[in-house]
Amino acid sequence: MKHMLLSLCVIAACSLPATAKRNTTFGYRFDDSLKQTPDSEARLEQWYKDAKFGAFIHFGVYSMLEGEYEGRGAGHRYSEWIQVSAKMTADEYHAVASQFNPTEFDADEWAKNFKDCGIKYVVITSKHHDGFALFDSMVSDYNIVDHTPFKRDIIKELSEACHKHGLKFGVYYSHAQDWDEPDAPYLNKKTTKVKMFHPDLPADFTKDMDRYIMKKSLPQVEELVKNYDIDLIWFDTPAGMTKERAIGFRDMVRKYRPDCLINSRIIHSGKAKILQENLELFDYVSVGDKEVPDRKLPVYFESPDSVSSSFGYKTKGHCYYHSPEEMLHRFVHTVCSGGNSLINNGPMGNGKLDPEAVRLYKVLGDWLKVNGESIYATRRNPLAERPAWGDVSASKDGKTLFLHILEWPDSGTISVTGVSATAATYLANGEKADFVQEGEVLKINLPSEPLDEYDTVVKVLMSDSVGE
Ligand code: H79
């Protein structure tokens, strides 16, 4: 377990500053006194805090290339970064984009698939860093309707299908980085040079970020919130996003959609520290990419996880998928820490879902059919500590605890302190658990084998709510 957590932190470090890479920095980044605004709390309570399980979708021109272009780029982790990893000019990328034709795309099939796996909301890349929009934009014709033979508005079709199937719908929008726009800033100035994408720029060209924001980024966000029925907007890599600029984006979202949720990457925050004075800009915190907290957090958060080491579909070069056990344990720890898990899948260039992603989603979906009560609409672990054998979630009223046994103890017993139980059952089979109350300590004598391959859940009813 410890080993797994350590590797999670290392994976997560990609989106953190260098100083954060050595150890986990949750204590530094999340002051215990942080308090979300009442407006954001009210928005989160509408559906988000109960949803827990979202599907993140990275789909775009890069899905076709699968991580490699003319023999280059496969060594890099993320296929959606191919324009950087293969050092493609904007013209080269445009040429590939004009062939994007995901004829097998079926929004209804995607939505049904997600719903069957217990997923409650979907967030898809409406424009990633490459600058290519998956919606019919009047602001820039570098979009799927105007620039490809496909000519269909994927965002429109998917939003309608999701809502038809009772799923909430959100869009990812790269408001800062845009490799098609010379004025847009880069996350990493060492690997990303404006001349690499735009070799014909005059030698004295200097970036003007606000010119880009006014010309493309903010008007496209306006199109999204005005013309599409969206419940959430997901900003990313906020290079150069000062508070003033972030306010412009927030106000644009709120003008059209007062209830739309906004994630924390709307604003750049030094060393990823969450500042109380910035909580007025967003509703919840996105922790690092693929980062699963090692403790409960004081404000509601979301972990942008993925079924694999890439976000975009990748078959070239190095790529791995999580094991079913890893995937489920990451999910459970996220929920017990007080957040949602937004697990990414990268559909294939032809528009079909990645079968490996569907397989992993189904593992979670099958487990949730039996154990969903311990996840949906629960709240974070109310006990002081995360136990060595797993994690803990609680019902909203705090009177029911769900003990997630992720590591079956050799001792055959688990115990929790400060809990007074009146009943205990296993969600796996509905049978009573054998427990003894020794003063403040609740001790459960376990069967010889786990009742679930990945997470055996004990539901404990208490005479009093505990902790928070
Ligand atoms: O959309 C997904 C990522 O593409 C995006 N955030 C998630 C949700 C993201 N943008 N930037 N980063 C994550 C930071 C990662 C930078 C890296 Fe790289 C990309 C490390 C390896 C590939 C840049 C390019 C640095 C080296 C090569």
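Tabulated results
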quantity: Filter pass, Ile266 being crowded, with 21+ Cβ neighbours inside 10 Å, away from the ligand (no atom under 15 Å from the Cβ) and of a type outside the set (S, T, N, Q); calculated: no
quantity: Residue match in segment 118-127 (condition: buried (at least 21 other Cβ atoms within 10 Å of the Cβ), more than 16 Å from the ligand (Cβ to nearest atom) and under 19 Å from the mean Cα position of the chain (by Cα)); calculated: yes
quantity: Any chance Ala384 is open to solvent by 10 Å² or more (accessible area, probe 1.4 Å), outside the structural domain of Ser85 (by TED's automatic domain parsing) and either modelled with pLDDT under 95 or polar (S, T, N, Q) (or both); calculated: yes
quantity: Only one of Asp229, Asp236 that is touching a helix residue (DSSP H, G or I) at 6+ places or on another chain (Cβ under 6 Å), within 19 Å of Gly170 (Cα to Cα), open to solvent by 30 Å² or more (accessible area, probe 1.4 Å) and touching a residue at least 40 places away in the same chain (Cβ under 8 Å); calculated: Asp229
quantity: Segment 183-204, residues that are surrounded by 13 or more Cβ atoms within 10 Å (Cβ to Cβ), in a loop (DSSP other than H, G, I, E, B) and among the hydrophobic types (A, V, I, L, M, F, W, C); calculated: Ala184, Leu187
quantity: Unmet requirement for Arg295, which otherwise passes all of (1) at pLDDT 95 or above; (2) part of a loop (DSSP other than H, G, I, E, B); (3) more than 16 Å from the ligand (Cβ to nearest atom); (4) open to solvent by 40 Å² or more (accessible area, probe 1.4 Å); calculated: (1)
quantity: Selection within segment 59-81 - open to solvent by 50 Å² or more (accessible area, probe 1.4 Å), among the small types (Gly, Ala, Ser) and within 13 Å of the ligand (Cβ to nearest atom); calculated: Gly75
quantity: Conditions (1) open to solvent by less than 40 Å² (accessible area, probe 1.4 Å); (2) within 19 Å of His129 (Cβ to Cβ): number failed by Gly248; calculated: (2)
quantity: Odd one out for Trp179, checked against (1) closer than 30 Å to Cys117 by Cβ; (2) among the aromatic types (Phe, Trp, Tyr); (3) within 16 Å of the ligand (Cβ to nearest atom); calculated: (1)
quantity: Evaluation of Leu218 against (1) open to solvent by 10 Å² or more (accessible area, probe 1.4 Å); (2) part of a loop (DSSP other than H, G, I, E, B) (one fails), failing number; calculated: (2)
quantity: Among (1) free of Cβ contacts under 8 Å to residues at least 60 places away in the same chain; (2) part of a loop (DSSP other than H, G, I, E, B), the one test that Asn278 misses; calculated: (2)
quantity: Any hit, segment 315-329, residues being hydrophobic (A, V, I, L, M, F, W, C), in a helix (DSSP H, G or I) and open to solvent by 10 Å² or more (accessible area, probe 1.4 Å); calculated: no
quantity: Failed condition for Lys352, given (1) closer than 29 Å to Met462 by Cβ; (2) in contact (Cβ under 8 Å) with a residue 60 or more places away in the chain; calculated: (1)
quantity: Residue under evaluation Lys255, criteria (1) within 16 Å of the ligand (Cβ to nearest atom); (2) modelled with pLDDT of 95 or more, criterion not met; calculated: (1)
quantity: Check on Asp210, open to solvent by 30 Å² or more (accessible area, probe 1.4 Å) and free of Cβ contacts under 8 Å to residues at least 60 places away in the same chain; calculated: yes
quantity: Long-range neighbours under 8 Å by Cβ, at least six apart or interchain, first residue on the phi > 0 side of the Ramachandran plot within segment 163-191, second away from the ligand (no atom under 12 Å from the Cβ) and not in a loop (DSSP other than H, G, I, E, B); calculated: Gly166/Lys115
quantity: Filter result for Ser303 (buried (at least 24 other Cβ atoms within 10 Å of the Cβ) and either within 16 Å of the ligand (Cβ to nearest atom) or of a type outside the set (Ser, Thr, Tyr) (or both)); calculated: yes
quantity: Some residue of segment 87-107 being at pLDDT 95 or above, open to solvent by 10 Å² or more (accessible area, probe 1.4 Å) and within 16 Å of the ligand (Cβ to nearest atom); calculated: yes
quantity: Matching residues in segment 182-202 - criterion: being touching a helix residue (DSSP H, G or I) at 6+ places or on another chain (Cβ under 7 Å), more than 19 Å from Arg245 (Cβ to Cβ) and within 16 Å of the ligand (Cβ to nearest atom); calculated: Thr191, Thr192, Phe197
quantity: Filter pass, Ser415 being polar (S, T, N, Q), within 18 Å of Thr378 (Cβ to Cβ) and touching a residue at least 24 places away in the same chain (Cβ under 8 Å); calculated: no
quantity: Residue within segment 143-150 that is more than 16 Å from the ligand (Cβ to nearest atom), open to solvent by less than 10 Å² (accessible area, probe 1.4 Å), within 28 Å of Phe331 (Cβ to Cβ) and of a type in the set (A, V, I, L, M) present; calculated: no
quantity: Selection status of Val84, within 13 Å of the ligand (Cβ to nearest atom), surrounded by 19 or more Cβ atoms within 10 Å (Cβ to Cβ) and part of a helix (DSSP H, G or I); calculated: yes
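The values are calculated or read from the model by the stated rules, or taken from the named source; none is laboratory data. Quantities reported herein were computed from a predicted structural model and do not represent experimental measurements. Don't worry about glycine lacking a Cβ; one is built from the backbone with ideal geometry, like all the others, and counts go over all protein chains shown. The protein model used for the area step is the full one, side chains on, heavy atoms only, and it has no ligands, DNA or RNA in it. Shrake-Rupley method; radii C 1.70, N 1.55, O 1.52, S 1.80 Å.
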